[in-house]
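Below is one structure, written out as structure tokens; the observations come after it.
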Protein chains: 4
Amino acid sequence: MKVALFGAGRIGKVHAASIQTDPRSELVAVTDVMEEAAQALAAEHGIRAVGAEDILADPSIDAILIASSTNTHAGLIEAGVRAGKAIFCEKPIDLDLSRALEVQEIAASHDKPMMMGFNRRFDPNFAALKAALDAGEIGKGELLSVTSYDPAPPPVSYIKVSGGLYRDMMIHDFDMCAFLFGMPQTVSAHGACLVDPEIGAAGDIDTAVVVLSYADGRLATIRNSRRAAYGYDQRVEVLGAEGQLTAENVIENTVTKSTAGGVVSSKPMHFFLERYMRAYTIEWSAFVDACVDGKPVTASIQDGVNALALAEAANLSRAEGRPIQVTSEMTGI
Amino acid sequence: MKVALFGAGRIGKVHAASIQTDPRSELVAVTDVMEEAAQALAAEHGIRAVGAEDILADPSIDAILIASSTNTHAGLIEAGVRAGKAIFCEKPIDLDLSRALEVQEIAASHDKPMMMGFNRRFDPNFAALKAALDAGEIGKGELLSVTSYDPAPPPVSYIKVSGGLYRDMMIHDFDMCAFLFGMPQTVSAHGACLVDPEIGAAGDIDTAVVVLSYADGRLATIRNSRRAAYGYDQRVEVLGAEGQLTAENVIENTVTKSTAGGVVSSKPMHFFLERYMRAYTIEWSAFVDACVDGKPVTASIQDGVNALALAEAANLSRAEGRPIQVTSEMTGI
Amino acid sequence: MKVALFGAGRIGKVHAASIQTDPRSELVAVTDVMEEAAQALAAEHGIRAVGAEDILADPSIDAILIASSTNTHAGLIEAGVRAGKAIFCEKPIDLDLSRALEVQEIAASHDKPMMMGFNRRFDPNFAALKAALDAGEIGKGELLSVTSYDPAPPPVSYIKVSGGLYRDMMIHDFDMCAFLFGMPQTVSAHGACLVDPEIGAAGDIDTAVVVLSYADGRLATIRNSRRAAYGYDQRVEVLGAEGQLTAENVIENTVTKSTAGGVVSSKPMHFFLERYMRAYTIEWSAFVDACVDGKPVTASIQDGVNALALAEAANLSRAEGRPIQVTSEMTGI
Amino acid sequence: MKVALFGAGRIGKVHAASIQTDPRSELVAVTDVMEEAAQALAAEHGIRAVGAEDILADPSIDAILIASSTNTHAGLIEAGVRAGKAIFCEKPIDLDLSRALEVQEIAASHDKPMMMGFNRRFDPNFAALKAALDAGEIGKGELLSVTSYDPAPPPVSYIKVSGGLYRDMMIHDFDMCAFLFGMPQTVSAHGACLVDPEIGAAGDIDTAVVVLSYADGRLATIRNSRRAAYGYDQRVEVLGAEGQLTAENVIENTVTKSTAGGVVSSKPMHFFLERYMRAYTIEWSAFVDACVDGKPVTASIQDGVNALALAEAANLSRAEGRPIQVTSEMTGI
């Protein structure tokens, strides 16, 4: 299976490496608006740096991996559909929900595998938690809690074009809730600027709590902060009728030091690429499974729309200070 | 310091034992509407079982400990004030906020120590967390999370007279939030009946999430369930500008068994009396400190009113499906 | 059941408190060569401070608790036997094995309960480990490891009269091995003075490793140090045919602090009295069970001899640099 | 840097993959007495399967990686020295200490990097522990404990040619002790056959404890078992003058399940290749560092001799039932 990559930046490089670890897939071309970046990545992997149109027009390329900037995602998905390619796209589809719904409609008729890059679904820890939950090991789930703190906020320049915390950061956690509990009925959002006043000045928040209510009474809470001094904090907890499942942080090493000053153990892995390295590899193999073996994709375009719809509802909820119903208009279903 | 006890039930017995562990205080009398219960406890401790009036009229009695049923608390506090006694009262002041506000007004002029039995403030783990937070060890607190699950729901007959989950169970967690973060600006409550339909039929919920928003942007979440198959789950977590503090469960023992089936460690202590046994003893000593050494009480009548006000706001929030402002009318300040 | 206490020092006070927690036993008298100490403890408990002979001659006293200095233990056990008392004696019987064997012979014909104060057998954690082992939860035990480090060495003046590390400190761990695995066939001892040269100058060691070999091939290791900067380290680990059991340290509290500097959790409880407080209470109740209900004692005089025999063998092993057989001459059985 | 691989078996495949992960090294050829295995591995990596002599004679090959059967190691090291290659060799040099000493002598004059495959030195956890120890974070080390249990014994057919537990299995732990504490003065070995009588019938043991004594009084214990029902158990613990360092197991995932049956967390990684996968990659990079940048090797031929000398001493100690001195004749230094 021959693959071309859109985007030779940080996340593009991660995907390029993942493509090479699966013997069933082969990276053959890369494109980037920054031509130098494309050339460098092409040289490293012994492949071609080409134009976007070359990729779309090349019938020997089976799949495209979209890891370019967010504002290109929707257009590239549509172009990929027209070109008949299997498509793997980094989240989000678009920062605008109505645009995402358009893409979803176009994608609906596509007969090749399409997958959104919700990498956390493929983290072995969260995947093991979901497997245990689905297997009924704690009975029916009742209370879900997702904790997701970044080690430090991104530059304010990034914040300004990010679409805001709910769409940029919490979108992963909305997807985690949808992954584990499905789509909720209402969204109640709270948020504040506590970490950096510049973020507030840019119109965004850096600290947030959202509560999701489900039609059958289940509840989920999401906690986000743009800053955790001790590292990247990524935990999930589900209380069920017969017990509780927790997925704790992945730590840097297993060494503990006990002295008169206390018992000191390792911090969580600090950087998201390191923390989710295995997830990226497993994620890619899942996409190859879909392309090669016809297995269903784990994170569909609809999942991308759903997470975006929850982010949109959260924005509205916080603006209006009230819970917002999630409607079929928002999700297109 | 001579002490008389109102209430010879389960919690009364715990307090009777605590009184005896502090060499500065002496239990001298007990009263209960169930005369047999009073007689039994009196016999065990070699003290008198008497009428409530005898206690209030006896000038040699310095302090009263009110551990009788909730509906007697307000009246007994008032009577204790009139009789000039130091007063220790189990939570809550009353199920009715306006009644609690009346008591508070009467209590305001009392010149003897008065303390509410918010035992969790005295738990060595939560106390250590608060000490570290107040010492600035993680910088300014930003996100607080209180998890509080009972091992199993009480009988529905109890539920019916309990005042509902927010006032009966979450009141402890409202107080924990007030203890750590102070009084919030708004209360947003969610809840459902997931554990036992009988509880729903009785007009109550058994599963709840509440979000508290503070004037300066800080946020707190409380999660409650009437059922945790693995035991009594009591945890607190605070994210601050420079780190995080967590207080984990107290476990039954430190034994771990590793077999082909997994690595099995001990469950949290199951029963609240066992879990908080040390807290009850420390709590009583704090009250004696106030009586004997003039130290300030850790949990005042105002704290009792505050927790009740948050519970009242939660009830309203859930009924109306919107965040509720905490006003000075609610708290009397 | 009326009890008299020999010894009003640190450990005597602990036992006095334990006696009072069991409603079936009553402390009635205390004696000590330091008359003031006896008077003080007597005053605290509202009992008599008397002479040793008075206690032994008083037919109303059912049991004696020997918590006086080690050199008095053997004589008091013999006197207690002659006086027909139930006897609880702190470890060791004597520093001299042959003297202990004499006591054992005299004690053999005594028809009242006799128990040695091996408190660690009653620690809820080690007791739970033994219960799981005896229940076959990890199959047959194969490798036992006991880790036992004191927070800091005692004064050298104490070291000089202590009988040496094996008899004074490791005796508890020899007993733990005997408790869990029974009596070994050979003892191989290693030791060094690493903590304090003064200890070496006094002819003792402060760091030691002993390996016990059992007739059926099982092995046990004991590690001792007189110093652990982080506190009192008390752990047991057993590998069996079907898994492993570990008993970890009891920690001061459950609070964890995560900052840029690391994840810091609580140290083990520092002081042996605090660490084993529950064990002392449970231990005493076990003795009362034996006296009142005729239950077998958990730590017999023979157990006291056995632990001393292993200490003696360890001394010989280290002196001669070879494994030493444990013979029936050493244990009297 | 061009590399040729001797041995296309399980461990050879692991090394082949490691060679490919470092951009500075390139696998160009493989050889194996099982020609099919060599062909398969060559096909997978797009390289040549050739004869051993071809490799040694090829001047374009800079380094050889010896991962063939143990009995070929010594001869191949010698051949590699004669051919002027950099040499990476899996442990052990040979099962026979005198043969290893011959190799060491020949190797002494070699001017290319030579490294033994003691992979555990490169495990990030043990490496972090050593870094903390060497940095003085717990003061001077005093007591070292290495726990190393395999999940299940190898086939008895393997046991028969393995050289015995001390040389085949514990050799890793001897090296870990040498890595952390240097070479000891005496070795005291204990062992038994508890897991499988067939192993005993083959003249070997499956359960062992060894104590190492150092000239300055430090002590180290090693515990081995061929069976741990819960997985591959690999831990290290060092007590020092100012605290303790522990390296705990690496677990399969971070999910914990709490139910009425207990709190169940993940087992240690079961398979050594999975457990030490990162170590193999880091180990190879360290060898490339030595070849390319002239950095010193972390595990030298001398380290290989040292570990073998300790195994030999352990065999003698167990046979004669006494501690054995480690002499310069044994280690060649």
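The values are calculated or read from the model by the stated rules, or taken from the named source; none is laboratory data. The model shown is predicted, which means the values in this text are computed figures rather than measured ones. Note that each Cβ is placed from the backbone with ideal geometry, even for glycine, and that neighbours are counted across all protein chains shown. Protein only, heavy atoms only, side chains kept; ligands, DNA and RNA dropped before computing areas. Shrake-Rupley method; radii C 1.70, N 1.55, O 1.52, S 1.80 Å.
How would you classify region B:2-112 from its alpha-carbon gyration tensor, with a ≥ b ≥ c the square roots of the eigenvalues: rounded for a/c under 1.5, else prolate if a/b is greater than b/c, otherwise oblate?
Details: a/c = 1.86, a/b = 1.48, b/c = 1.26.
Verdict is prolate for region B:2-112.
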At R0 = 51 Å, how high is the FRET efficiency between C:Arg322 and A:Thr21 if r is their beta carbon distance? Nearest 0.05 is fine. 0.35
Provide the percentage of antiparallel DSSP beta bridges, counting only those with both residues in chain D; round to the nearest 5. 55 percent
Treating the angle as unsigned and between 0 and 90°, give the value, to the nearest 10°, between the Cα long axis of helix D:35-45 and the longest Cα principal axis of chain D. 90 degrees
All Cα pairs of chain D, percent lying beyond 28 Å: 43 percent
Applying 1/(1 + (r/R0)^6) with R0 = 45 Å to the Cβ-Cβ distance of A:Ala135 and B:Lys160, what FRET efficiency is obtained, to the nearest 0.05? 0.75
Would you list the P(r) distribution for region C:230-333, with all Cα-Cα distances sorted into 10 Å bins from 0 and each bin expressed as a whole %? 12, 20, 32, 25, 9, 2, 0
Amide H proximity to C:Ile205 below 5 Å, modelled H, separation 5+ or other chain, gives C:Leu165
Once you've got the GNM for chain C with C-alpha springs shorter than 10 Å, pick whichever of C:Asn224, C:Asn253, C:Asn71 has the biggest mean-square fluctuation. C:Asn253
With θ set to phi - 60° and the Karplus curve 6.51 cos²θ - 1.76 cosθ + 1.60, what are the ³J(HN,Hα) couplings of region C:185-193 in order, to the nearest whole Hz, using x for Gly and Pro? 8, 9, 10, 10, 10, 10, x, 7, 9
Skip the ligands, DNA and RNA, and give the accessible area per residue of region D:2-112 with a 1.4 Å probe, whole Å². 44 Å²
Rounded to the nearest 500, what is chain C's calculated 222 nm mean residue ellipticity when only DSSP H runs of at least 4 contribute -39500 (n - 2.57) each, over all residues? -12000 deg cm²/dmol
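Would you please calculate the Kirkwood hydrodynamic radius of the protein assembly as shown over all C-alpha pairs and express it in Å, rounded to one decimal?
Working: mean 1/r = 0.0286 Å⁻¹.
Across the protein assembly as shown, the inverse of the average 1/r is 35.0 Å.
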Between C and D, accessible area buried - total, square angstrom, nearest 100, 1.4 angstrom probe: 2800 Å²
Find, among the chymotrypsin sites (Phe, Trp or Tyr not before Pro) in region A:32-123, those assigned to loop by DSSP (not H, G, I, E, B) with at most 15 other beta-carbon atoms within 10 angstrom. none
Enumerate the calculated ³J(HN,Hα) couplings along region A:170-180 in order (Karplus 6.51 cos²θ - 1.76 cosθ + 1.60, θ = phi - 60°), each rounded to whole Hz, writing x wherever the residue is Gly or Pro. 6, 4, 4, 7, 4, 5, 4, 5, 5, 4, 8
Where the centre of each part is set by its Cα atoms, how far does region A:175-221 sit from region D:277-303, in angstrom? 48 Å
The answer for D:Met269, listing residues at least 5 apart or on another chain whose modeled amide H is closer than 5 Å to its amide H, is D:Val250, D:Ile251, D:Glu252
For B:His270 and B:Ile106, FRET efficiency with R0 = 51 Å and r from the beta-carbon atoms, rounded to 0.05? 0.85
Past the 19 Å Cα-Cα mark, which pairs from B:Lys13/B:Lys112; D:Lys112/D:Lys295; A:Lys85/A:Lys295; B:Lys91/B:Lys140; C:Lys112/C:Lys295? B:Lys13/B:Lys112; B:Lys91/B:Lys140
Diffing region A:305-313: the Karplus 3J(HN,Hα) column from phi (6.51, -1.76, 1.60, θ = phi - 60°), in whole Hz with x for Gly and Pro, holds 5, 4, 4, 5, 5, 5, 5, 4, 4
Carbon plus sulfur fraction of accessible area for the protein assembly as shown, probe 1.4 Å, in percent: 53 percent
Once amide H atoms are placed 1.01 Å from N in the peptide plane, what residues at a sequence separation of 5 or more from A:Met115, or on another chain, have their amide H within under 5 Å of its amide H? A:Ile87, A:Phe88, A:Cys89
Going 7 Å from the Cα of C:Gln185 along its beta-carbon direction, which residues of region C:237-264 have the amide nitrogen within less than 20 Å of the resulting point? C:239-241
When chain D is modelled as a GNM with alpha-carbon springs shorter than 10 Å, which of D:Met114, D:Met183, D:Met34 fluctuates the most? D:Met34
